[in-house]
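> Attaching a single structure in structure tokens format; questions to follow.
The values are calculated or read from the model by the stated rules, or taken from the named source; none is laboratory data. Just so it is clear, the model here is predicted, and its values are computed rather than measured. Note that we place each Cβ from the backbone using ideal geometry, even for glycine, and neighbour counts take in every protein chain shown. All accessible areas refer to the heavy atoms of the entire protein, side chains included, with ligands and DNA or RNA removed. Shrake-Rupley method; radii C 1.70, N 1.55, O 1.52, S 1.80 Å.
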Amino acid sequence: MASNGLPSLGRVKLTDLMPSEGLPSDSYKLSATTLSQSFAQYSAAIIQFPASDGPLLRSCLESARLYFHQRPSYPAAEMIHTNDSREWCKTSGYYADPQQWQETYDYRPGMTPSEPNNSLEFPPAGLPDIFALLGKAAREILDAISYCLNLRSSPFTEVLDNVPLRSREVSSSVLSVCCHARPSFQGAQHHNLTNQEDGPLVMYPEQDHHVDKSLVSIVKSDKAGLHVRDFHGRWVLVDGDLGPQEAVVFPGLALYQATAGYVNPALHRTEVNNLQGNMYGRFSLSFKLMPKSMSSLSCSEMRAAGHGVEAQFQLPVPVDDFMQRSHPTDQLFNRQSFQTFTFPTAQDGSIKPSLRRRKSNSRCKPLPPSKRLRLEAQRVLKERVQEIADKKGIKLRFCNLRECESHIHALDSPCANIRMEIKWPAGVPFVHPHDLPNKAKISFLEAYEPGWTATHDMDLSPTEPGQSSQHSAS
């Protein structure tokens, strides 16, 4: 990271991340910048809710303490669950993970938790209100990340649940009320005694860390203990000095996939060794904003914004397959060429979004109708070509203007050399996004949709009158 990075975990007021019509305010741009830099450096940030939300957060944590305190010491066998990826969107109600010394109550709107023996149980109080509060905050944080990446407004709407849920819909997102290391919880010892043939259990392994598969996760705890690995590989305590209306937010694997690796997922762990003498344990509220199971994670929005997309992110991934797949953390966090999405810093040292060029051009005279038509043709052609390529499994190689600017007059074509280096398949046109619409794009569309040109009446001239004609052919 650059020396002008954040000295500590970024703190952002949620009210400053609320979007409004028109140009973004200075507070919105500064808050979005702080959020992006904190994610890039620490893989986490601190969100400050309005002071009026502090009592709701505090009362829900108190309710969680009472709920788990009255739980029996030995959980029933059917309530002992491990992390089963096949049930990622079906968890609801109480369950325990003895190996992690953790108890959890999942609240998922639209699903009624089933209790053993049809017994009546009262869940922790205030869960619907907390779910609504954290869910709205998570969506606003996701929109701020989209702003930092220069994506269109609400680009992840297609993969998110309806607001509000429709009839018979079940929420993909979940609110987990967690209790770590409750002294009266003897499920771990019981599990150890009943599984002696498997050897003793290690209650606090050094590799006890994981990555959420969410888009965004928000965690509010009553005691410190959440550690996140930062950009340099160091474990940072992120909830050591949280205020009553503050919570920790960090990105998950689904956002990493949807942004083509530009937003690093948070590798985190919970330290419970120092809770051995505590009377109740450690309680936390964890909201995970999840994509819908029937949707797909695609990087089309990143491509449309002009971001480079690596080969591993080219094809859309069904969400259900993504959630059930294992994701080794060493492959995620050992990428030397990892791309961050922080704003560049101005020469005067201030943090300002790189919008000066766009603002300076806003006073220029409007484009002539012919140019606007060509730009619209360029957009339509590029989107259609990319859509066909995704369906056919073709990984398009986009060359840039510098590679092509002199190939018309050169004996050795840069594009031809690139084709040979990457073993470009014969018969597949080489796409030039800077020279659209062009013959390569038209021939690509004709190859998969015969008669496409005849059915689309648009100006296919790629150059302005009087402009150099060296790009008129590819």
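> Any chance you could run the full-extension gain for residue 224 through residue 157? It's 0.36 nm times the residue separation minus the Cα-Cα distance, nm to one decimal. Working shown, then result.
Numbers: separation 67, 0.36 × 67 = 24.12 nm, distance 3.36 nm.
Here the segment from residue 224 to residue 157 would lengthen by 20.8 nm.
> Label points 7 Å out from Cα along the Cβ direction at residue 52 and residue 321: separation in nm?
Computed distance between label sites residue 52 and residue 321 equals 4.6 nm.
> Using a 1.4 Å probe over the heavy atoms of the protein chains, calculate the carbon and sulfur portion of the accessible area of segment 204-272 as a whole percent.
Reported share for carbon and sulfur atoms: 47 percent.
> Can I ask one more? Return, ordered by residue number, the residues of segment 280-302 whose backbone nitrogen is under 16 Å from a label point located 7 Å along Cα→Cβ of residue 237.
Inside the label zone: 282-283.
> Name the residues whose placed amide hydrogens come within less than 5 Å of the amide hydrogen of residue 13, ignoring near sequence neighbours (fewer than 5 apart) on the same chain.
The list, which skips near neighbours in sequence, is 48.
> Read phi for every residue in segment 142-152 and hand back ³J(HN,Hα) as whole Hz from Karplus 6.51 cos²θ - 1.76 cosθ + 1.60, θ = phi - 60°, with x for Gly and Pro.
5, 5, 5, 5, 4, 4, 5, 8, 6, 8, 5
> I want to check the label-to-label distance for residue 387 and residue 66. Put each point 7 Å from Cα in the C-beta direction and report it in nm to one decimal.
The modelled label-to-label distance comes out at 5.5 nm.
> Leaving ligands, DNA and RNA out of it, rank 95, 28 by accessible area with a 1.4 Å probe, largest first.
On the way: 95 50, 28 20 Å².
Per-residue accessible area, sorted high to low, gives 95, 28.
> How big is the accessible area of residue 248 in square angstrom, nearest 10, if you roll a 1.4 angstrom probe over the protein chains?
Here the accessible area works out near 0 Å².
> For a protection proxy built on the mean count of beta-carbon atoms within 10 angstrom, sort 34-41, 20-27, 313-320, 131-138 highest first, please.
Values: 34-41: 24.4, 20-27: 10.0, 313-320: 17.9, 131-138: 20.4.
Put in order of decreasing packing, that is 34-41, 131-138, 313-320, 20-27.
> Next question. Give a residue-ordered list of calculated ³J(HN,Hα) values for segment 293-308 (Karplus: 6.51 cos²θ - 1.76 cosθ + 1.60, θ = phi - 60°; whole Hz; x for Gly, Pro).
My calculation for segment 293-308 gives 5, 8, 9, 10, 8, 10, 9, 4, 5, 5, 5, 5, 7, x, 7, x Hz in order.
> Would you list 88, 235 from the most to the least accessible area, probe 1.4 Å? Mind dumping the intermediate values first?
Details: 88 35, 235 80 Å².
Listed by decreasing accessible area, they come as 235, 88.
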